[in-house]
Amino acid sequence: MLIRWLPSPADYHETWEAMKAFTAARGPETPDEIWLVEHPPVFTLGLAGKPEHVLAPRDVPVVKSDRGGQVTYHGPGQVVAYVLLDLKRAGYFVKEYVARVEQAVIDMLAGLGLPDARRKPDAPGVYVDWPRPPQAALELAKISALGIKVHRGCTYHGVALNVAMDLSPFTWINPCGYAGLRTVDLASCGCGIGLEEAGNRLARHLERTLTARAPAGALAAPAPAAVE
């Protein structure tokens, strides 16, 4: 699996077109890739996205995408890992793929001192307790969102991890279609890690988890196929 950083900040629409072109051109022997990128501010609507979930876009562009899910925000201080994977060659289906991506993020966050990172039933992505210890947790806050597209058995789009960013644009939308969903980043959780290091760690965990030959059903709580 090849891992590479795209020149950043990278235009969302251009990156999306590049993913589609790569997927359309790939053959049975094409190596899988992970593209790491930081985008300028943009809201993206998935196939299930409802415009009313974009509450006040202000001067941030809104792009209708072909990934699964609702609306999310990408911007400076967030690393996005686009996973270009041949599922047929990997030997598992979409639900297990989603579970593996989530597990890679959970494992990475545990290594950064966030052992409470976990899934939330019926709400794809990765969440942490908020507020942070020693205060008593009152809610789950989202730190990572994912959205995928499968074409001819191959994935594109991927997973976003909030590292150290201006989180206010998340309050201008209903993140992932959930009104009032709190969004946090690694910095607000006390993890002082740079974007490049976070991206490299995320890519290594994704590579390890996606290429592991785990038996079917070994990963916990697969999420629905159309996710964000």
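The values are calculated or read from the model by the stated rules, or taken from the named source; none is laboratory data. Fair warning: this is a prediction, and the values are worked out from it, not measured in the lab. As a convention, Cβ positions derive from the backbone with ideal geometry for all residues, glycine included, and neighbour counts pool all protein chains shown.
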So, first residue over 19 Å from PHE93 (Cβ atoms) and among the aliphatic types (A, V, I, L, M) in the stretch 201-221, second residue at pLDDT 95 or above and in a helix (DSSP H, G or I), Cβ within less than 8 Å, six or more apart or across chains; the pairs are LEU202/ALA104; LEU202/VAL105; LEU202/MET108
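Go through the stretch 144-173 and count every residue that is closer than 21 Å to ALA187 by Cα, among the β-branched types (Val, Ile, Thr) and more than 9 Å from the chain's Cα centre (by Cα).
Matching residues across the stretch 144-173 total 2.
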ALA160 meets each of (1) in contact (Cβ under 8 Å) with a residue 60 or more places away in the chain; (2) over 30 Å from THR30 (Cα atoms); (3) of a type in the set (Gly, Ala, Ser); (4) part of a strand (DSSP E or B) with one exception, condition (2)
Over the stretch 33-69, the set of residues in a loop (DSSP other than H, G, I, E, B), surrounded by fewer than 20 Cβ atoms within 10 Å (Cβ to Cβ) and in contact (Cβ under 8 Å) with a residue 60 or more places away in the chain is PRO41, LEU47, ALA48, LYS50, LEU55, ALA56, PRO57, ARG58, VAL60, ASP66
Selection from the stretch 188-200 of residues in contact (Cβ under 8 Å) with a residue 60 or more places away in the chain and surrounded by fewer than 16 Cβ atoms within 10 Å (Cβ to Cβ) yields GLY190, ILE193, GLU196, ASN200
Does the stretch 102-123 contain at least one residue that is part of a strand (DSSP E or B), under 12 Å from the mean Cα position of the chain (by Cα) and surrounded by 16 or more Cβ atoms within 10 Å (Cβ to Cβ)?
no
